[in-house]
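Before I ask anything, here is the structure I am working with.
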Amino acid sequence: MADHVITRSVRDSAAMLDATSGAEIGGPYVIAPPDGTFLQAAMRAPRQLKIALHQQPLIANTTVDKEVLTVLEQTAKQLESMGHEVVPAEPNINIEQFWHDFIVVVCAHTAFTIDNIEREFGVDHVKNLEPQTYNMALLGRSLSAVDLAHAKHGWHHSQYQTGLLLEDYDMILCPTVPTPAVKHGVLPPSRMDEMMMRSAEVLNKGFNMGRYAFSSGMIEKLSAPVLGKMGFTLLGNVTGLPAMSVPVGMSKKRPTDWYAVNRAHE
């Protein structure tokens, strides 16, 4: 995943992409440069697009708020009124395996990052990390190289299935999050959860608590509140496809809903 910028218009995003895009020195992946500039492309009238309407979260037991679905439907109708074709379509992905593969890869990289910070800057720089970050690293250290290879293979399968979908569609339209914005303080773990995570760090010294946490379902329970909010955006994280979030609706109860558009490479 690569971050970009927050702007007021697609035009400004295109201009910034022109200023920042290009192959990284020594980068493992290089794509051909576009014909012309991104800013020029943003100024052209769009051709008729065939758009996949992605409505099913990729995290199990995630409920999509009615307001979100209503605005998503309105957005689809607006696109159709502009001459585009919008068709309900989902990538063929096993969601139970999807979240597990995601957690494995992220935890392994978290463990690497913390070890690297400690090696480069000293242990004092990692002492104040949140309990969930420590425990993601704990889980990462409990995994084998084979576990990581299996998870990476799962990522590639999800990339392939999404690529198959984009053989028939130009882009994917979906919510960015399944609910309007949550209240401040809702997503962080409770005090009980933090106590469980801190005790897990101690217990891990006696036996492999990381593997137990995976097999017992504890990881799924503790990660569900946050992962559920990422039930749509994880597709962009795992596939590496370019994506953007556009504010297209306002909740009657809470702040703005945001919607993501995952675009196929052109």
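Can you tell me the FRET efficiency between Y29 and S81 if r is taken as the Cβ-Cβ distance and R0 is 35 Å, rounded to the nearest 0.05?
0.40
Using a Förster radius of 22 Å, what is the FRET efficiency between I117 and D3 based on their Cβ-Cβ separation? Nearest 0.05, please.
0.70
In debye to the nearest 20, how big a dipole does the range 31-104 give about its Cα centre with +1 on each Lys and Arg Cβ and -1 on each Asp and Glu Cβ?
For this selection, approximately 320 debye.
Be a star and scan the range 155-185 for residues whose amide nitrogen sits under 14 Å from the point 7 Å along the Cα-to-Cβ vector of V226.
185
Using the alpha-carbon centroid of each, what span in Å lies between the range 155-174 and the range 30-45?
21
Out of residues 5 or more away from V248 or on other chains, whose amide H comes under 5 Å of its own, with H placed 1.01 Å from N in the peptide plane?
Here Y259 satisfy the definition.
Mind giving me the nanometre distance, one decimal, between the label points for T133 and H109, set 7 Å out from Cα along Cα→Cβ?
Label at T133, label at H109, 1.6 nm between them.
Throughout, read-outs are computed from the coordinates displayed, never taken from laboratory work. Just so you know, these numbers come straight off a predicted model, no measurement behind them. Don't worry about glycine lacking a Cβ; one is built from the backbone with ideal geometry, like all the others, and counts go over all protein chains shown.
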